[in-house]
Amino acid sequence: MAEGRIRTFVGGLDTRMEGGIPDKYVTLICGRAGTMKSTLAYYILYNNSKIKKKRGIYVTLEQTRVSLLEHMIKLGMDPRNLTDSGIVVIDMTRLRKETKMKSSIDDVNWVDSILQTVETYKTKYACDMLVLDSLAALYSLATFNNPRSDIFFFFEKLRELDMSVFIISEMLDPDKELFGMFGVEDFLADGIIHLDLEKSSRRVNLFLSVFKMRKTNHDRSYYPLMFDGSKFEIITD
């Protein structure tokens, strides 16, 4: 594998982008509901932790920590198996509930709160990787009065963390290639992994494309994506 790259551990994928995602990139994992975005993001953290001994942080803004981990354990990704490394799950849903009870949720600077919390855990546990789940949830909490400028500075603050960052972004309109709510996120991100669904007869099939990856030779083909209960793999034949 090329130096300075983060493997996705999706079978057949890393070899099609020069060994993986360049380290310290901000990468969007995009798709509509049901495309396994969160599962793929956690899968990347889990395997880098288990195999490469990297530590990761998973920030959840909508799903509770308990619910998230129960789901991942059922998919064969039990964090208790990560003996020499690990994944820190930051459950911001608890803060949302506590804030709603004590004061106006609008009084919280959610962007700064998330970044400060991540910085604290990064320093404490020497973490290399971060997942933010999700961009849509953040937009529902934080006010972006000037989206083009505000989102630019948010992405720059993520880069200043000096981590490999994965942001989950839900695409609301399947007929449009808008990878974020404001239409600027795809320009600001270093990479975009797009997950898509296609209905065939009575089956719904999942596809993956590396839509964008700076400083990387890759194609934009959509490959069938399979998950066998423990491993992701693209079908290239």
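Please determine, by comparing only the residues of the range 1-59 that are of a type in the set (Gly, Ala, Ser) and in a strand (DSSP E or B), which one is surrounded by the fewest Cβ atoms within 10 Å (Cβ to Cβ).
Selected residue: Gly11.
Name the residue that is nearest to Thr35 (Cα to Cα), counting only residues in the range 208-220 that are at pLDDT 95 or above and out of contact with any helix residue (DSSP H, G or I) (no Cβ under 6 Å at 6 or more places or on another chain).
Ranking the candidates gives Leu208 first.
Where the second residue is of a type in the set (Asp, Glu) and assigned to a strand (DSSP E or B) and the first is in contact (Cβ under 8 Å) with a residue 12 or more places away in the chain and lies in the range 157-173, which pairs have Cβ atoms under 8 Å and are six or more apart or on separate chains?
Short answer, once both residue conditions are applied: Ile168/Asp133.
Among the strands (runs of 3 or more DSSP E) lying completely within the range 183-237, list those that include at least 2 residues that are over 28 Å from Gly4 (Cβ atoms).
So the answer is 191-200, 203-213, 223-227.
When both residues are 6+ apart or on different chains and their Cβ atoms are under 7 Å apart, which pairs have a first residue that lies in the range 215-237 and is more than 17 Å from Val204 (Cβ to Cβ), and a second that is of a type in the set (Lys, Arg) and not in a loop (DSSP other than H, G, I, E, B)?
His218/Arg16; Asp219/Arg16
Can you tell me which residue in the range 175-233 is surrounded by the most Cβ atoms within 10 Å (Cβ to Cβ), limited to those that are farther than 26 Å from Asn48 by Cα and among the β-branched types (Val, Ile, Thr)?
Val184
Among the residues of the range 148-161, is any assigned to a strand (DSSP E or B), among the hydrophobic types (A, V, I, L, M, F, W, C) and surrounded by 12 or more Cβ atoms within 10 Å (Cβ to Cβ)?
So far as the range 148-161 goes, no, none of its residues is assigned to a strand (DSSP E or B), among the hydrophobic types (A, V, I, L, M, F, W, C) and surrounded by 12 or more Cβ atoms within 10 Å (Cβ to Cβ).
The values are calculated or read from the model by the stated rules, or taken from the named source; none is laboratory data. Keep in mind that this is a model prediction, so the values were computed, not measured. As a convention, Cβ positions derive from the backbone with ideal geometry for all residues, glycine included, and neighbour counts pool all protein chains shown.
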